[in-house]
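The block underneath contains the structure these notes are about, expressed in structure tokens.
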Amino acid sequence: DARRSDTLLLWFDGELAAADVMQAPLSTHALHYGTGVFEGIRSYATREGAAVFRLPEHLERMRKGAELLGLRFDAALATEATVQTLRANGHRDAYIRPLSWFGTGATGPSFGLDVSPLTQHFMVTTVAQRVHLSGERTRLTVSPWRRNPATALPPLKLCGGYVNSILAKREARSRGFDEALFVDEEGFVVECTGANVFMVRNGQVTAVEHRDALPGITRDTLIALSGAQSRQVTHHELLDADEVFVCGTAAEAAPISTLDRREFGDNPVTRELAALYARVVRGEEPGRSAWLTVV
Ligand code: PMP
């Protein structure tokens with residue numbers, strides 16, 4: 001029984017395998033050029049066992065990225081791989097990472113930029129994750145870096161695109177902050193390195209909208225739960241808000257304590273919405289169970 005084994009199992013090209021023995025060749029195209037697409041998904045322990053939150057929506061976003069790159073993608077197979085991997089590892093509260101990528105040429109390395117002759121691969125790995133403690137608050141700073149513009153690189157979870165987020169994260173951390181906020185040339189807020197942005201002013205919840213931002217599934221969920229309006233927001237408006245929070249599959253809904261020198265005080269609206277989200281993902285809100293895929 002794989003569940004009782006200590007070995008972490010992952011899904012690789014059609015079957016479960018021991019994670020510690022799987023390897024990719026050093027000439028893997030995705031390693032050199034970032035030619036892959038991934039997802040970040042969560043499962044939670046519910047009364048009915050482990051359940052994946054909004055799995056079809058995550059896989060649909062992955063399909064879009066795969067289509068753009070020319071990678072084959074089978075959502076039914078990806079669903080099966082996700083369920084099998086969670087079951088095999090006995091994971092309930094977990095982070096799920098599917099990845100699809102270009103490998104090598106048929107007979108060896110192929111470093112050209114035409115991906116059509118390359119091998120294609122698909123994996124799913126799951127990592128047991130303790131329940132996110134949204135007690136910690138995040139110190140945010142405006143990044144000197146611009147977000148990848150959608151006209152150059154569409155806001156999908158393409159591997160190479162994340163170098164942009166990593167540069168911004170490194171720079172923010174080097175100045176003692178937790179997280180970077182991307183703002184565009186006109187002063188409109190885009191998103192954070194791995195999360196979307198919301199603000200609360202006079203009790204009104206607003207989701208930041210921007211064409212260069214990843215269309216977040218947590219963002220969509222929180223709009224549905226709060227009735228938030230979605231619109232473009234300037235950096236100035238954000239500084240003027242009563243509460244700011246960021247959201248993503250991993251971050252859930254995380255309050256912002258400071259944005260550069262602006263300090264935010266108590267955050268009752270964020271707290272309440274984060275608590276509602278926590279109940280929804282655990283299947284404790286009856287009207288929202290359609291978002292869960294029970295494993
Ligand atoms: N923006 C970026 C750049 C991200 O990487 C993520 C995490 N996937 C998000 C926003 C939030 O998206 P989601 O709520 O779908 O996880």
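The values are calculated or read from the model by the stated rules, or taken from the named source; none is laboratory data. Keep in mind it's a predicted model, so treat the numbers as computed, not measured. Cβ atoms come from the backbone with ideal geometry, glycine included; neighbour counts cover every protein chain shown.
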Any residue in the stretch 109-124 that is within 15 Å of the ligand (Cβ to nearest atom) and crowded, with 20+ Cβ neighbours inside 10 Å? no
What are the residues in the stretch 241-253 that are out of contact with any Cys (no Cβ under 7 Å at 6 or more places or on another chain), closer than 14 Å to residue 221 by Cβ, assigned to a strand (DSSP E or B) and hydrophobic (A, V, I, L, M, F, W, C), if any? 245, 247
Considering the stretch 20-34 alone, what residues qualify as being modelled with pLDDT under 95 and part of a helix (DSSP H, G or I)? 20, 21
Go through the stretch 179-209 and count every residue that is more than 13 Å from the ligand (Cβ to nearest atom) and either buried (at least 23 other Cβ atoms within 10 Å of the Cβ) or outside any loop (DSSP other than H, G, I, E, B) (or both). 8
Let me spell it out: the conditions are (1) more than 16 Å from the ligand (Cβ to nearest atom); (2) buried (at least 17 other Cβ atoms within 10 Å of the Cβ); (3) part of a loop (DSSP other than H, G, I, E, B), and residue 265 meets all of them except one. Which number is the exception? (2)
Name every residue in the stretch 195-209 that is more than 12 Å from residue 238 (Cβ to Cβ) and out of contact with any helix residue (DSSP H, G or I) (no Cβ under 6 Å at 6 or more places or on another chain), in order of residue number. 195, 202, 203, 204, 209
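Yes/no matrix, rows are residues, columns are (1) within 30 Å of residue 281 (Cα to Cα); (2) touching a residue at least 40 places away in the same chain (Cβ under 8 Å); (3) part of a loop (DSSP other than H, G, I, E, B):
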site: 114; (1), (2), (3): no, no, yes
site: 117; (1), (2), (3): no, no, yes
site: 126; (1), (2), (3): yes, yes, no
site: 140; (1), (2), (3): yes, yes, no
site: 145; (1), (2), (3): no, no, yes
site: 148; (1), (2), (3): no, yes, yes
site: 153; (1), (2), (3): no, no, yes
site: 161; (1), (2), (3): yes, yes, no
For the stretch 56-102, give me each residue that is small (Gly, Ala, Ser), away from the ligand (no atom under 16 Å from the Cβ), closer than 26 Å to residue 25 by Cα and outside any helix (DSSP H, G or I). 70
Just checking, how many residues over the stretch 133-162 are over 19 Å from the mean Cα position of the chain (by Cα), within 26 Å of residue 57 (Cβ to Cβ) and of a type in the set (Val, Ile, Thr)? 1
Taking residue 102 and the conditions (1) buried (at least 23 other Cβ atoms within 10 Å of the Cβ); (2) under 26 Å from residue 281 (Cβ atoms), which numbered condition does it fall short on, given that it satisfies the others? (2)
Condition test on residue 171, is it exposed (fewer than 14 other Cβ atoms within 10 Å of the Cβ) and either more than 19 Å from the chain's Cα centre (by Cα) or of a type in the set (D, E, K, R) (or both)? no
Complete set of residues in the stretch 158-179 that are of a type outside the set (A, V, I, L, M, F, W, C) and in contact with a Lys or Arg (Cβ under 6 Å, 6 or more places away or on another chain): 178
Applying the selection to the stretch 153-178, what residues are touching a Phe, Trp or Tyr at 6+ places or on another chain (Cβ under 8 Å) and either of a type in the set (A, V, I, L, M, F, W, C) or within 15 Å of the ligand (Cβ to nearest atom) (or both)? 157, 159, 160, 164, 167, 168
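Conditions tested, residue by residue: (1) touching a helix residue (DSSP H, G or I) at 6+ places or on another chain (Cβ under 7 Å); (2) within 15 Å of the ligand (Cβ to nearest atom).
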site	(1), (2)
215	no, yes
224	no, yes
229	no, no
237	no, no
243	yes, no
252	yes, yes
257	no, no
260	no, no
282	no, no
Name the pairs whose Cβ atoms lie under 6 Å apart, with the first residue in the stretch 208-224 and more than 18 Å from residue 187 (Cα to Cα), the second at pLDDT below 95 and among the basic types (Lys, Arg), and 6 or more positions between them or separate chains? none
